[in-house]
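In what follows, a structure is listed as structure tokens, so that the remarks can point back to it.
The values are calculated or read from the model by the stated rules, or taken from the named source; none is laboratory data. Here the structure is a predicted model, which means the values were calculated and not measured. Every residue, glycine among them, receives a Cβ derived from its backbone with ideal geometry; neighbour counts consider all protein chains shown. Accessible surface is based on the protein model in full, side chains and every heavy atom, while ligands, DNA and RNA are left aside. Shrake-Rupley method; radii C 1.70, N 1.55, O 1.52, S 1.80 Å.
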Amino acid sequence: MANPAHPAYPVGLRLAGRRVVVIGGGQVAQRRLPALIAAGADVLLISPSATPSVDAMAETGEIRWERRRYQDGDLAGAWYALIATQNREDNERASAEAERERVWCVRADDASAATAWTPATGRVEGVTVAVLTGNDPRRSAAVRDAVVEGLRDGTLAAPHRRTHTPGVSLVGGGPGDPDLITVRGRRLLAEADVVIADRLGPRDLLDELPPHVEVIDAAKIPYGRFMAQEAINNALIEHAKAGKAVVRLKGGDPYVFGRGMEELQALAEAGIPCTVVPGISSSISVPGAAGIPVTHRGVAHEFTVVSGHVGPDDPRSLVDWASLAKLTGTLVILMGVDKIGLIAEALVRHGRPGDTPVAVVQEGTTATQRRVDATLATVGETVRAEEIRPPAVIVIGEVVRVHTPGAPDALPSTSA
């Protein structure tokens, strides 16, 4: 028997194509089998019964299942065994066979009698994190989670020591709260050499970047004879061709009124590899943060997101406002603060009732978030009187009146 004072020797098992025997088809097997399958192991399950999830693994051919109790000799030729039955006698017999046959063996019922322990494991970007803390599995899991999360979001500094491939990542930064960027977006930020950021991106994340990262405000790129977007495209291409890993940090999602496709097309024409990382769109997240569901059973069965950067009477407008006015669902207007009066008038003119509720949420998900309520008939004047300024998301429809009974509004609001 091993001395319990001796620490376990950590090692990574390469089980692809090698025989692994799992005895017991309960919850322990259900948790452990996916990792063994992912490792390419030739898994034999021995158990009279199994959970529905384990049964499904056998049905799809991911494992072989013999529906019976353990028998002496079952571990012959095995490289690794997991013993996890409710029958202690079977567990002890299987464990004794593993000891005789020199098979590394994990026992779910008695870790002290095992010859191997299963660490708390997590994987991120080709890195496997495995944590052992003796007989404290909860602490193992907590340490594992902290390390994996740090690697994912870039807060744990572990830069790649290989030469990275130059290119551009179009990263949707979400509605403004730095916690609402995706895990992948945050990781790419942590690996960037250059970040070209929009004003509406999550600015707080820029303070976390290492000192060597060049941060460029897209609004301050010298345009000269170029249009603003063309100058941004040129800056992305220039830095990528210089061998840099470039992140184009945009607010919301790159493809929701973010001109992300224009940037992707310019990069493709220049032969620059590009990765698109979707972001949480302000069209749904900002109303949600203000306590407004864009859909709700019995109230709205659809929602439509519209750009309000040009007015309804502008010849450049591609929006069919007459058709939108006939919809009974929710309208979400982005970039429409200065045009909301004209938009409301057009909707009412085409048949939407003037008493339709409207909510305007300014700087949603940030510390300065503010919600102002009105109606289509009053929203234009309300926005002026309340001095609402961009960025703001405008929600039109009965969902504005939906709230949790007995609960206060998600935000302080002003009604008109």
Query raised in the report: What value, in deg cm²/dmol to 500, does the helix sum -39500 (n - 2.57) over DSSP H runs of n ≥ 4 give at 222 nm once divided by the residues of the chain?
Result: -8000 deg cm²/dmol
Query raised in the report: What residue among THR356, LEU180, LEU44 has its Cα farthest toward the positive end of the dipole of the chain, where the charges are +1 on Lys, Arg and -1 on Asp, Glu, each on the Cβ?
Result: LEU44
Report summary line: With the charge dipole of the chain built from beta-carbon charges (+1 for Lys and Arg, -1 for Asp and Glu) about the Cα centre, the Cα from SER281, VAL332, LEU13 projecting farthest to the positive end belongs to LEU13
Query raised in the report: What base-10 log of the normalised intensity I(q)/I(0) is obtained for the range 273-374 from the Debye formula, alpha carbons as equal point scatterers, at q = 0.21 Å⁻¹?
Result: -1.22
Report summary line: Expressed as a percent, the accessible surface of the range 148-286 that is carbon or sulfur, using a 1.4 Å probe and the full set of protein chains, is 53
Report task. Could you please put ARG19, ARG225, ARG184 in sequence from largest to smallest accessible area, using a 1.4 Å probe? Result -> ARG225, ARG184, ARG19
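Could you give the C-alpha radius of gyration of the chain expressed as a fraction of 2.2 N^0.38 Å, taking N as the number of residues it contains?
1.33
Rounded to the nearest whole Å², what accessible area per residue is found for the chain with the 1.4 Å probe? Show your work: numbers first, answer last.
Working: 22300 Å² over 416 residues.
Counting only protein heavy atoms, the per-residue value for the chain is 54 Å².
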Requested in this report: Loop only per DSSP, at most 11 neighbouring Cβ atoms within 10 Å: give me the trypsin sites (Lys or Arg not before Pro) in the range 39-128, ordered by residue number.
Outcome: ARG68, ARG102
Report task. Using a 1.4 angstrom probe on heavy atoms only, work out the carbon and sulfur share of the accessible area of the range 18-120 in %. Result -> 48
Report summary line: Ordering TYR255, TYR223 by the accessible surface of their heavy atoms, 1.4 Å probe, largest first, yields TYR255, TYR223
Report task. Report the one residue of ALA141, MET227, ALA108 whose Cα lies farthest in the direction of the positive end of the charge dipole of the range 85-237 (charges on C-beta: Lys and Arg +1, Asp and Glu -1; origin at the Cα centre). Result -> MET227
Requested in this report: Show which lysines lie in cross-link reach of LYS244 when reach means a straight Cα distance below 26 angstrom and same-chain residues fewer than eight apart are skipped.
Outcome: LYS220
